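Below: one structure, written as C-alpha cells.
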Amino acid sequence: MKKVRFGLIGGGFGALIGRIHKMAAELSGSAELVCGAFSRDPNQSKKAGVELFDIDPNRSYPDVETMCLTESTADEGRRAEVMIVATPNHSHFEIAKQCLSSGFHVVCDKPMTVSLNQTQELAELVKETGLSFGLTYNYTGYPMVRQARRMVLEGQLGEIRRVSCEYLQGWLAKDLSENKQAAWRTDPELAGPTGCFGDIGSHAENLVSYVSGLEMKEVCADLTRFVPGRKLDDDGTVLIRFSGGARGYISASQIALGRENDISLEIYGTQGSIEWKHSDANSLVFRSNDEPLKLYRSGGPGEENMSRDHGLPAGHPEGFIEAFSEIYRNFFENIRDDAQAEFPSVMDGVRGMRFLETVVASSEEGSVWKSLEGEVR
C-alpha cells in the first residue's frame with residue numbers, strides 16, 4: 001500500500017503533541033513523516049528533525065514558507081502531500097492558509113483558529129481548493145464513542161432529552177507560568193480568547209455534537225479564573241439549549257485537583273441512556289427502565305458493525321494514541337482512496353469556534369443566554 005507522505009509543523013523540543021501526531025499518523029501503517037518545520041528557530045528546527053524525528057536534515061526546514069515552496073515543487077513521488085499543524089492556537093490560521101494555498105491537505109490541532117472569521121475564511125479556502133482539512137478531535141476516534149453515536153442515530157435512546165459532558169483536569173491548579181505548555185495555554189496572545197474552554201472545552205463541545213447529533217441553539221456560560229494573575233479562564237460551566245428542546249451542560253476545569261484527564265459523556269433519551277468515560281474508554285453503558293444494564297465492549301460481541309472502528313482483538317485496550325490514529329486512518333483513506341471516511345472536518349472547526357466565541361461573550365456579559373447566532377432577548 002502506498003504511504004501518504006506528510007510534514008509536521010511544530011512539535012520541536014519541549015513540545016508534547018508533535019510526537020503524538022507522528023506516532024498516531026504512522027501507527028495506521030499508511031503514512032510516513034518526510035519533512036518538517038519544527039521550531040521558529042531554524043537551528044532548533046534542523047536539530048529537532050534529526051534528533052526527535054530522524055528525518056533527512058535537508059528536509060528540516062527553517063520556516064513554513066520555505067517548506068511549502070520547496071515541497072510543492074519537488075518530484076511528485078517524493079514531496080509531502082499532507083501538512084500537520086501542531087503549533088499554539090494563534091498561528092493555526094496563517095499556517096493552515098499557507099499550506100492550503102500551496103496545494104497541501106491539512107490536519108490541524110484544535111481549536112482551528114482563534115476567531116470565527118478566521119475559521120470561515122479557511123472553510124472557504126478548503127471549498128475553493130478542493131483539498132481535505134481535518135481536525136484532531138481525537139476522542140471521536142474511540143470505538144465506543146462511535147458506537148454511542150450509532151446507537152443515538154438509530155433511535156435506540158428514543159428522543160434525546162438531556163446531554164451532559166464533563167472534562168476535568170487538575171494540572172493548572174497552581175501558577176505554572178514557567179512551564180512551556182502552561183505558558184502559551186494561559187496567554188491570550190497565543191491561546192486566543194479562552195483558556196480552559198479553548199483547550200479542553202472544545203473537545204467536550206465536539207464530543208457532544210458528534211455523538212448526540214443535536215444542534216446547540218443557545219448557551220449560558222460562567223467562566224472563571226481561579227489562579228491569581230491568570231489572564232484566561234481555568235474553569236467553567238455552560239448550560240445548553242438544543243434545537244428540538246433537549247437541555248444539557250458542559251463543565252470543564254483545569255484546576256480540579258487530583259483529576260488527570262477525565263472526560264465523560266452521558267446522554268438521556270425517552271427510551272434509554274448511554275454513558276462513556278475516558279477512564280474506561282473501551283466500555284459503553286446502556287441503561288433503561290425496562291431491562292437490565294447493558295455493557296458494550298470494544299471488539300466484543302454485539303451488533304454487526306461494532307468491530308469496524310477498532311484494530312485489536314477484544315480485551316486489548318485501545319487508548320489515546322489509537323484513537324488519534326483512527327482519525328488519521330480515516331483522513332488518509334479519504335485522500336488516498338477518495339473514500340467517504342469519517343473524520344472531524346473544517347466545518348467542525350467553524351461550529352466549534354462559534355461555540356467558543358459565544359461562550360466567552362455570554363460569560364463576559366454576566367452569564368446571559370446567548371444564541372449561537374446572536375443574543376437571546
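Only the coordinates and a few stated rules stand behind these numbers; no lab work does. Just so we're clear, the structure is a prediction, and the values are computed from it rather than from any experiment. Neighbour counts run over all protein chains shown; Cβ positions are idealised from the backbone, glycine included.
Rounded, prolate or oblate: which fits the range 1-72, taking a ≥ b ≥ c as square roots of the Cα gyration tensor eigenvalues, rounded meaning a/c under 1.5, else prolate when a/b beats b/c? Here the range 1-72 falls in the oblate category. Taking the C-alpha atoms only, the angle from helix 143-153 to the longest principal axis of the chain is near 50 degrees. The distance separating the Cα centre of the range 107-170 from that of the range 17-77 comes to 27 Å. To the nearest ten degrees, helix 320-337 and the longest principal axis of the Cα atoms of the chain are 70 degrees apart. The angle between the Cα long axis of helix 202-212 and the longest principal axis of the Cα atoms of the chain comes to about 60 degrees, rounded to the nearest 10. Neighbour counts of other Cβ atoms within 10 Å put Thr270, Thr237 in the fewest-to-most order Thr270, Thr237.
Taking square-rooted eigenvalues a ≥ b ≥ c of the alpha carbon gyration tensor, is the range 68-206 rounded, prolate or oblate, where a/c under 1.5 means rounded and, failing that, a/b exceeding b/c means prolate? Here the range 68-206 falls in the oblate category. Sorting the segments 159-167, 256-264 by their mean number of nearby beta carbons within 10 angstrom, highest to lowest, gives 159-167, 256-264. Under the rule a/c < 1.5 gives rounded, and otherwise a/b versus b/c splits prolate from oblate, where does the range 81-132 land using the Cα gyration tensor? Since a/c reaches 1.5 but b/c is at least a/b, the shape of the range 81-132 is classed as oblate.
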